[in-house]
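Undergrad: One structure follows; several queries about it will come next.
Coordinate-derived values only; no laboratory data. What you are looking at is a predicted structure, and each value in this text was computed from that prediction instead of being measured.
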Amino acid sequence: MYIIGIAMIIIGVIGIILSLIWFIKDSNNNNSIKETKQDNLCPNCGRIVKENSKFCGNCGEQLF
């Protein structure tokens, strides 16, 4: 029983380490996504617009 307990602790620690690595990797990816989305925001209302849009679908602002 002692060996099973130690094995469960080791598996738990490995799980925590993998979760932290995944969280850090995911948070780094979210920063680059936010920077990309800021380029596609309407300057008038702040809504996300499609990349090749000439007008904002929300407020009608002309986009450049």
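Undergrad: Check which residues have an amide H placed less than 5 Å from LEU41's amide H, if you skip close sequence neighbours.
TA: HN-HN under 5 Å from LEU41: VAL49.
Undergrad: Under the 0.36 nm per residue contour assumption, what length would be gained going from the current alpha-carbon distance of ILE14 and LEU63 to full extension?
TA: 12.7 nm
Undergrad: Next up: Which ³J(HN,Hα) values, rounded to whole Hz and listed in residue order, are derived for segment 8-21 from phi using the Karplus coefficients 6.51, -1.76 and 1.60 in 6.51 cos²θ - 1.76 cosθ + 1.60 with θ = phi - 60°, glycine and proline given as x?
TA: For segment 8-21, the Karplus curve yields 5, 5, 4, 4, x, 5, 4, x, 5, 4, 5, 5, 5, 4 Hz.
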